[in-house]
Structure formats: structure tokens, C-alpha cells
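What follows is a short report on a single structure.
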Amino acid sequence: PDPAQLAQLSRRKGWYRYAWGAHAFPTTVTAVFLGPYLTDIARNAAGGDNHYLHLAGLSIRAESFYPFAVTAAALLQAAILPLVGAAADRSGRTRGMLAGAMTLGVVASLLFYTVTGGAYLWGGALFLAASLGYSTANVLANGYLPTLAAPDERDAISSKGWAVGYLGGAVLLTVNLVIYTAHSALGLSQSHAARVALASAGLWWLVFGTAGVRRLTAGTSQLPKAQRPESGTGYRQLGRTLAALSRNRNALLFLLAYMAYNEGVQTVISFASTYGTKQLDLGQSVMASAILVVQFVAFGGALWMGRLAARHGTRRTISGSLVVWIVLLAAAFTMTKHAAWQFYLLGCAIGLVLGGTQALSRSLFAQIIPAGQESEYFGLYEVSQNGVAWIGSLTVALAIQFTGSYRLAIISLVAFFALGLVLLARTDLRTAIRTAGNPVPERL
């Protein structure tokens, strides 16, 4: 290989390594331990038998606190993430900004260890900081994808990145599962073991994320410095980007489709552990081991769906996965209490489509980004991925608040996948790619 090929290979390895480290946060923190743990902290603070918190003159169920915290985090991300992407493209300092965002997420994750007793507000504040750091870093890391692979390679590179991330998250979760299961033998209480698990995600992210960032180049923008937007135009540049996106009708349709179905994906990820423990009466060790199984299955599922996309087309593969998601939510609604085998089976099925849905959506979106605006557009993409997740989390929170039913909350998410499926079917992706000035891959 010539020096340019070696440099590109090194950058890809760095990108994969960062994914290996960063995926510990959504796996260990949001998918397994934080929801049930912060709910217990909120119950401790509420006391009594009714489990209501009195906050700013409002009375809310302790069980609703975590979904409301997810909603607040999503609103914060929606306000900030598009501006972060625009600033990265404008300055060309993507790597430095990525390191800064990672540091915020790492420090907040490490501080989860200090959340004890009834300190639910402190835990909620740390969650806001950690999720903002993770999402901001995700925007900047995703912005590298168009420069790491040619159009026909992006499905494969994106799928491999997701697969590596799931495997890294699975390895750490395995360690945490062993510690949590053997907490008595180690002289730890269950709550102490959960705090160790939460903090370990920050340490894992720090070690492997730093190693990955070092291999990435300083910026992702393909435009000369003279052609980049002037400094100090964050909101105006965002407005111009939104106006340009609105003129590319099919690109906007795809983003809306992704916004809809990913709303369901993200809410399932953040709500699964709480649903299993509070509705199905399954223990925390069952939750951790089931989601561990999901990570390993998702590793293979992401690679498998990448091959399906190469054979049948990216949009057709994503559409098929959305149909599977709808079927799986219906299955979750009918699950019986204490039936751990049902939860494990459901987790395996989710793992097959989880990574592939996310990886192929990311690579497809990369095709419709104009050159030089990678991080900015991925800022909008991240808002679609996490920043508007308040709709899904608010749906869950309100369902629990007014009905007390976790089953009604989980089945309500079908609407998001159905809407995404309809909008995706109406999108002319080839036209969207051409309008952005990019070459159309052979198979779409």
C-alpha cells in the first residue's frame, strides 16, 4: 500500500477503536444500569408508599423521573448539536472538539459513582452532562465517515464500525455482569455494584476512546479554509443548512423517516431495562445478561445486514428491519411476567436488526451530505437520532404517569416505526444524492 492508503487504514482503525470505547456508555449506562438505578434513587427520595416526588411545585411519580430526564437531555441536545457540527466544519478542529466532548462524557460517567441515597437530582444532572458529551462526540465521529470510505464502501465501513462498537460494549458489560452477579462474594451491595458498573463505562471510554482519537486527523472538512463559513455565524449557518435541506425534498424526507423510526429504536434502547425490571419483574442480573446477549448478536447482525444491503439494496434492507421491529414490539406487549426466556429470545431478535438499522441509516445519510458539511449535517442527524428522542421518552413518561402501565408505553412505539416505513417508501434516494452533488452508488 502507498502512504495515502496506509494513512487511511490508520484513520479507519482509530475510528473503530473510538467506537469500541464509546459504546460502553449506551450499553452499560443507558441500556442496563442507569434507568433502574436512578429510579430506585428517586424512590428513596420520595419515601412513603405513593412514591411521588415534589419538584418545582409539581408532583411526579418516582418511576417517571428517568424518562423525564431522558426528555430533558434530548431537548438540550436538540439545541446544541447542530451548532457543534457547523463549528467543527467551519474551524477544521474536529479532533480537538471530539476530545473535549469525550472528556465531558467521561467525567460525568465517572461521577455516577457518587450518586447515592436520594440524590436523584445530582444523578439527573450527571446524566444530562454525560449524554450531551456522548452525543456531541458522536456527531463529530460520524462526520469522519464520508472521508473514510468511497460511496460504494460506506455501508461496509459503517456496519463494521457499529459491529466493533457493539463488541466493545459487550466485553465491558460481561465484566460488569460478573461483578454484579457476584457482588456478595466481593463484599459489595447491589447498589454499590451498579455504581461500579456506571463508573467503569467512563473509564473504558477514556482509555479506548483516547487511543482512537489519536489516530484521527485534525478535521473532516473537504473544503478549503477560504470557502468555509465565517466564524460567528452558527445560528445563521444552521438556518442556511436547513433551508438547503428543505430544497432537497428527498433528503428531507429521508431525514424525517429516520427521525420517526429511530425515535422508536432509541426509546426501546433506553426503556428496555426499566420495562423488564418493573413490568416483567425480572432481576437486574437478567437485564444485564439479556442486553449482553443483544450486544454480541448485534455484532453479527450489523455485519449480516451490511451483506444484505450489498445484495438487495440499502433501503430495502432497512425497510425489512422496520417491519421486524413492529413485530417485536407486539411480542414485547404480550410477554408474561417472570419469563426470562422470553426476554432473552426477544433480545436476540432485536440484536439481529438493531446494529444494522443504525449502521445502514448512517451510511445512507452520508451519501446525501454536500462536501465540506459533514459534521454540520451529522449534527442534524444526531438531533434526529437523540435530540428529538424527547418525543418517544415523553410518550413513555406520560403513559406511565397517567395509566401506570408499562405495556401501553411499549406498544405505543409501534407508531414511530410505521411512520418511518411510510416516509422511507416515499423517498427518492437517488435524486437526493444527485442533488447533494455526490456520485450515486451502484446498489441503493
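Assorted remarks:
- For region 417-433, the criterion of being of a type in the set (Ser, Thr, Tyr) and within 27 Å of Ala156 (Cα to Cα) is satisfied by at least one residue.
- Qualifying residue in region 135-143 (condition: closer than 21 Å to Thr217 by Cα, outside any helix (DSSP H, G or I) and in contact with an Asp or Glu (Cβ under 8 Å, 6 or more places away or on another chain)): yes
- Flag for Ser273 being closer than 25 Å to Val29 by Cα, among the small types (Gly, Ala, Ser) and open to solvent by less than 10 Å² (accessible area, probe 1.4 Å): yes
- Within region 1-52, the set of residues being assigned to a loop (DSSP other than H, G, I, E, B) and not charged (D, E, K, R) comprises Pro1, His23, Gly47, Gly48, Asn50, His51.
- Flag for Met305 being touching a residue at least 24 places away in the same chain (Cβ under 8 Å) and not in a helix (DSSP H, G or I): no
- Close contacts from region 192-216, counting a first residue that is open to solvent by 10 Å² or more (accessible area, probe 1.4 Å) and a second that is among the polar types (S, T, N, Q), with Cβ to Cβ under 7 Å and a gap of 6+ residues or different chains, come to Ala199/Ser109; Ser200/Thr28; Ser200/Asn176; Arg215/Ser10.
- Residues of region 102-119 satisfying the condition of being surrounded by fewer than 24 Cβ atoms within 10 Å (Cβ to Cβ) and either part of a helix (DSSP H, G or I) or of a type in the set (Ser, Thr, Tyr) (or both): Thr103, Leu104, Val107, Ala108, Leu110, Leu111, Tyr113, Thr114, Thr116
- Any chance Gly57 is in contact with a helix residue (DSSP H, G or I) (Cβ under 6 Å, 6 or more places away or on another chain) and farther than 27 Å from Gly351 by Cα: no
- Contact map, region 272-293: first residue closer than 20 Å to Leu167 by Cβ, second residue outside any helix (DSSP H, G or I) and aliphatic (A, V, I, L, M), Cβ cut-off under 6 Å, separation 6 or more or different chains; the map is empty.
The values are calculated or read from the model by the stated rules, or taken from the named source; none is laboratory data. Source: prediction; values computed, not measured. Cβ coordinates were reconstructed from backbone atoms using ideal geometry, including for glycine residues, and neighbour counts include every protein chain displayed. Protein only, heavy atoms only, side chains kept; ligands, DNA and RNA dropped before computing areas. Shrake-Rupley method; radii C 1.70, N 1.55, O 1.52, S 1.80 Å.
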